[in-house]
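Worksheet for the structure shown next.
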Amino acid sequence: MAKRNRNKLLVPESRQQLDQLKAKVSGTSKPEDAALEVAKELGIPLKEGYNGKLTSEEAGKVGGRIGGNMVKELVRMAQESIKKDQ
């Protein structure tokens, strides 16, 4: 599922780490497979290539699950880091 990512990162060098985090929270080994794995878990008919028949709600559920889990993991990591520093 090779699509061009239009998000602009404040620190472009972080792309690889964010991709690794995406794969980790999605339970896959490759970040490209994250959306497909989450869609499969949610029962959404996402496939590689064109997905024009998906509703906005279905697409939002997939992206929301991935993004939400990434934020949760980043917060957990930050809390862990703060505890270590104290």
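The values are calculated or read from the model by the stated rules, or taken from the named source; none is laboratory data. For clarity, every value in this text was computed on a predicted model and none was experimentally measured. No Cβ is skipped: glycine too gets one built from the backbone with ideal geometry, and neighbour counts run over all protein chains shown.
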Number of the exception - E48 against (1) assigned to a helix (DSSP H, G or I); (2) modelled with pLDDT under 95:
(1)
Tally the residues that are more than 17 Å from V71 (Cβ to Cβ), touching a residue at least 40 places away in the same chain (Cβ under 8 Å) and touching a Leu at 6+ places or on another chain (Cβ under 9 Å), restricting the search to the stretch 1-59.
2
